[in-house]
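Rule-based calculations on the coordinates, nothing more; no lab input. None of the values given here were measured: they were computed from a predicted structure. Cβ atoms come from the backbone with ideal geometry, glycine included; neighbour counts cover every protein chain shown.
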Amino acid sequence: MAGTMEAGDGRVSDVVQDLKGLKGPFLLAIVGCYLGYVTLIATSRYPRDLFFLNEMFMLPVVSMATVMFYQRELGGYFSEIYATFPVSMTGMILRKLGQLLVFITVFHLAWTWVYLSSFGKMETLVYSYHNQPPYWGEISWLQLFSQSVPTYLLLAVLTLLGMVLTKKIYGGLGAGFSLWILEGLSRGEMLQDLTLYTVYLPESPDNTAFVVNRMLLITISLALLTLSIYWANQRHKWIITDEPN
């Protein structure tokens, strides 16, 4: 019983320490993005295109949020010290990934609440994970969010992998932002069937293109997450030792 309570207290302590580590420029940047969302929505006479708000504008927020959650352990001089601690790198990565997904969900809820308060409803091209063709119509928050979660997950894990491989914050940002920019500039041509954006998916009357695309994005995300965990557990790659002259 005592061991269980100590383990529970340890997990709570880890979460508290994680939350304390969120302060910094990336939190300010994300708050700035949210204020930009609110301003854009509140000053519009007509409903804004949800494609840009839900997909195009959300991706840099996801990348910055990923760096914000992992910056202490994976993005700076402290990473070398952290690698010497008797802690599970796998547990840390998965714990923070869970926290990151909660944060992204709350951020998404926050701006869609402003959107609904301003316009009363959300309308966009609605995709389904069932054999139902896409259609233009009213969409719920859960439907809107579920359409883009695979994309958010992929960009988050790609940013994480960039941080793990380079041991630098900007390695993660460079990976995430590069994919976001190149995919946007190419209008989906770069990744084609693996495009991040639903608007660039090929037309499919039975919705197969959307389902296959989202499932592939999730599969690739899991593969990149596995690679990130494997590399992070190579502690000797994190610890720099001075060789004698």
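Cβ-Cβ distance of Leu185 and Tyr34, R₀ of 35 Å, FRET efficiency by 1/(1 + (r/R0)^6): the value works out to about 0.90.
Measuring r between the beta carbons of Leu116 and Ser146 and using R0 = 22 Å, the FRET efficiency lands at 0.85.
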